[in-house]
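Student: Encoded as structure tokens, here's the structure I'll be asking about.
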Amino acid sequence: MACRLSSGNSFTGTLVFHSYDHFGLDTGDLEQTYGFVVWFTLQHHDRFNGKYVPPISVVDVEVPISGAF
């Protein structure tokens, strides 16, 4: 969070929320559906040499704030 005090008792700033997620599969997912078994094999089998890595989502949200105290 970046914050700046203004004159008197007011402030302005920005809240930044950083979110990171990957949809990797582990052995617990193998019990769910046939499609997950195939996906797990593509992600973990050595012969694919990391070609099918899990999707990664990165989101940054900035929210401006201001007020007085």
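The values are calculated or read from the model by the stated rules, or taken from the named source; none is laboratory data. On a predicted model such as this, the values are computed, not experimentally measured, just so you know. With ideal geometry, Cβ positions are generated from the backbone for all residues, glycine too; neighbour counts draw on all protein chains shown.
Student: Looking at (1) assigned to a helix (DSSP H, G or I); (2) surrounded by 10 or more Cβ atoms within 10 Å (Cβ to Cβ); (3) at pLDDT 80 or above, can you tell me which one Val63 breaks?
Tutor: Here Val63 meets the rest and fails (1).
Student: Considering each of Arg4, Arg47 in turn, give the residue that is at pLDDT 85 or above and of a type outside the set (A, V, I, L, M).
Tutor: Arg47
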